[in-house]
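Comments concern the structure below.
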Amino acid sequence: MKKEIGRGARKAARETAVREAVNQRYASASSNSIQAVLDSLDTTLKGLSEEKAEQSRDRFGNNRVSHERQKTLFERIVGAFVNPFTVILVVLASASVVMDILLPLSQGEGADPLTAIIILTMVMISGLMRFVQEARSNVAVHKLLAMISTTATVERLEDGPQEIDLEDIVVGDIVHLSAGDMVPADLRVIAAKDLFISQSALTGESEPLEKIADETAGGAQAYTECQNLAFMGSNVISGAATAVVVATGADTLFGSMAQAVSGKPAQTSFEKGVNSVSWVLIRFMLVMVPIVFFANGITSHNWTESLLFGLAVAVGLTPEMLPMIVTACLAKGAVTMSKKKTIVKNLNSMQNFGAIDVLCTDKTGTLTQDKVVLEYHLDVHGKEDPRVLRHAFLNSYYQTGLKNLMDIAIIRRTHEKEAEQAQLKELSVTYEKVDEVPFDFGRRRMSVVVTDKNGKTQMITKGAVEEMLSVCSYVEYEGRVEPLTDALKGEIVRTVDRLNEDGLRVIAVAQKTNPSPVGAFGIKDEADMVLIGYLAFLDPPKETTAEAIQALLEYGVTTKILTGDNDKVTRTICRQVGLRVDRLLLGADIEKMDDEQLRGAVEKTNVFAKLSPDQKARIVTALRENGHTVGFMGDGINDAAAMKAADIGISVDTAVDIAKESADIILLEKDLMVLERGIVEGRKTYANMIKYIKMTASSNFGNMFSVVVASALIPFLPMLSVHIIFLNLIYDISCSAIPWDNVDREFLLKPRKWDASSVSSFMIWIGPTSSVFDITTYLLMFFYICPKFVSGGVPFSQIAEGTIISSGMFAGLDMRTVFMGLFQAGWFVESMWSQTLVIHMIRTPKLPFIQSHASWQLTALTSAGIALLTCIPFTPFGARIGLYALPGEYFWWLAATIVLYMTLATCLKKAYVRHYGELL
């Protein structure tokens, strides 16, 4: 005890020392001058040398945060085996060891370990299959995750700026940040320009915070409020910065939080649903087993046998394969998607994938190609003008923010035109950048300030046409500057509308000579500008977009477009991909609505344009509040909030860091048809899970009904405990192929939310079907087959103890023993046939084997199970467990029973579907 207290005290002391060291580091980094911080970290503004970077890595470790401790192989094996069902089986196996082995040995009798061996075999099969499926899924996902790298730009002394993996960043590195970046470590800001960072992942604050480089900004009480510190786990909303790394990995604020909350994540609604079904079945077993025990004990007067029989019934009622089936279904879906170059970051996302009934998607880069082409650079009257391209190049080239597809297209076109236009040559050498105002989603424009070799300073701004017109007072045409009149505004708007209707995205370019001096320059300077012209970009839809949207519609998924682009371009793209615009709302319209009005509007609208990131998230939230399961697909910084708000976020591997981090599904290929395949796999996953749950519940209910009837009416055990347990083992092995079963196309056409509320009604409707024919089998065996072939027509009640059969195939055997063994063999075989055929009956509302075919795996295993169990009474093993060979006449009666059973089950299925609307 003292040792434990000592270890705890030492651990607490170490944690306190670490906290104090971290606090000291943040205090020093935030309050000291930039040079003092650099000196304390043994670095320079030009970065670390490779040698010093290695020394820093050796001292502080890799920049890796473990959100939860990685499980060891032993822990993964334990996790696969330990669940309520296997615990029950182990308890029952222990009881069997006492009753079948220890007790007989203590009385000098022979032990019978068979029951315990079979129960433990069931535990092994369930656990091993679950472990293997989880391992397969993890291997497939990790292979694909290795193909995605999140990088940051750092300065290294020998090589200058370079992109490196986040994990390779070390304390002392000089890092460059721009819009869309995730903050790669805890940083002290060295230089910043309009840097706004979202710290919602750390503090819950939804509003972004401005960060600056001044050491006087470090006096806040909470380090997260220090304006000169930026933290891992946050992301850059707008602006740009240079910063030095002061903490990495587990030493960061994010790392310490991750360690504090590491452990088992909160249960999802899906996991809660599976668990609720599991406990319903367990409670059902706990109620039924005592009833069966007392009914048998009272009837047979053999309480020891009745107890063993009750234990066997408990085994039969325990759905021990449920965890394995659920895991195998989810893992199979994830592995299938991995083969289609799609990463499922969380297994439970597979079920959500199938439940989607609304897919919200950004337009640019998701529906459209990520190869934007600059088609025109026009003056205000719509004539091509190289000056427009020159100014646009200077703006795109010198900005330090996230270069989007249009920036890349501008730079590419300028380089292509250099040979033709002298004024486009060597722009990157002729001009020098002195300042900038980064892009943000409120202004929808960005500005840079450049100076040429002659000392002329000008501000160049580009952005959305409407926003640019609002800050321009003049226009430039053929070297003349004129006032921007209403007539000229009308002409510009008409030209832009015409280009938009042709599917071209248009942005405007303006300039202003001699703005405020460096240091005083800001957003206020974006006024009274001179409009130069505009740029028109072609952003064609992906080849698979139209096909994918139509395919999703066929599967009951409505596609809604949520874009920051203007309404005219959006309408054109929608027309090109075959998406009918029923109603279009703009961001300005959304802003005027309260949440209740928005919930009504989102149901009637399928296209939303000119949206801010917050408005996208509001729309997704409104759809979810209306009861929809919403997927959001995006690739930009403006999509991250909506992806987090959705049930399932979908991104592509070329997306910005924060978008990939927010996604549950990442597409490694640009083929949108993968979405359709993912939804189909998700619905197959759900279908096969609910099949097993419903067939297990109904089969268990039917079996218990049959056992209770048999216990009340028959003066001996209808089956021995070993019969029930062995029957259950073979049935479980047959069920293990369910994750690979086929699913009817009609079932796949509707979105499927996790809903196990229909299990009880299904159990009551379908369960007693098999009981009807179990009871007819009892009657057949007890009053006809057994008297005819064993006792010469004498009823069981009239057979005297010790009577020996004198002739026939059972000559020399005890008549009462053979009577009971033949009865048990008859129900043993009939039970396997009916219990296994219920798999094929329940898996589809159609006629099994004729209108709907099971997978070859399921067909093979169920057929093999039936064949094996049918042959057992004729084998030495069957004789060892007390079963006797059935006469040929029995099988004619069995065939009639099975035909009638399938007929009745089909009729009840159809009645159930008429009453409840669907089978599964």
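The values are calculated or read from the model by the stated rules, or taken from the named source; none is laboratory data. Everything quoted here is computed from the prediction, not taken from an experiment. Heads up, the Cβs are rebuilt from the backbone with ideal geometry, glycines too, and the neighbour counts pull from every protein chain shown. All accessible areas refer to the heavy atoms of the entire protein, side chains included, with ligands and DNA or RNA removed. Shrake-Rupley method; radii C 1.70, N 1.55, O 1.52, S 1.80 Å.
In the structure shown, the pairs 341/684; 417/512; 524/644; 542/644; 684/910; 341/568 are assessed against 28 Å; a Cα-Cα span above that value is assigned to 524/644; 341/568.
Solvent exposure of the range 805-866, expressed per residue, is 36 Å² of accessible area, with all protein chains present and a 1.4 angstrom probe.
About its Cα centre, the dipole of the range 497-634 is roughly 100 debye, where the only charges are +1 on Lys and Arg Cβ and -1 on Asp and Glu Cβ.
The C-alpha radius of gyration of the range 541-590, expressed as a fraction of 2.2 N^0.38 Å, stands at 1.18. The trypsin sites (Lys or Arg not before Pro) of the range 533-594 meeting both criteria, a DSSP state outside H, G, I, E and B (loop) and at most 11 other C-beta atoms within 10 angstrom of the site's C-beta, are 580, 583, 592. For the range 524-626, report the % of Cα-Cα distances exceeding 20 Å. The share of Cα pairs beyond 20 Å in the range 524-626 comes to 49 percent. Every pair of different Cα atoms in the range 780-920 enters the Kirkwood calculation, which places the hydrodynamic radius at 17.1 Å.
In the range 430-493, the alpha-carbon atoms span a convex hull of 104 Å³ per residue.
Surface composition of the range 554-627: carbon and sulfur atoms hold 41% of the protein heavy-atom accessible area at a 1.4 Å probe.
What number comes out for accessible area per residue over the range 473-515 if the probe is 1.4 Å? Units Å², please.
Working: 2180 Å² over 43 residues.
Averaged over the residues of the range 473-515, the accessible area is 51 Å².
Accessible surface comparison of 595, 407, probe 1.4 Å, protein chains only, largest first: the order is 595, 407.
Within 10 Å of each candidate Cβ there may be at most 12 other Cβ atoms; applying that plus a DSSP loop requirement, which GluC sites (Glu not before Pro) in the range 453-526 survive?
Sites meeting the loop and neighbour criteria: 478.
For the charge dipole of the range 465-586, defined by +1 on Lys and Arg C-beta atoms and -1 on Asp and Glu C-beta atoms about the Cα centroid, which residue among 557, 545, 574 has the Cα displaced farthest towards the positive pole? It is 557, whose Cα lies furthest towards the positive end.
For the range 522-587, the per residue solvent-accessible surface stands at 38 Å², with DNA, RNA and ligands left out and a 1.4 Å probe. Taking the 1.4 Å solvent-accessible surface of the range 724-855 as the whole, the part contributed by carbon and sulfur is 64%.
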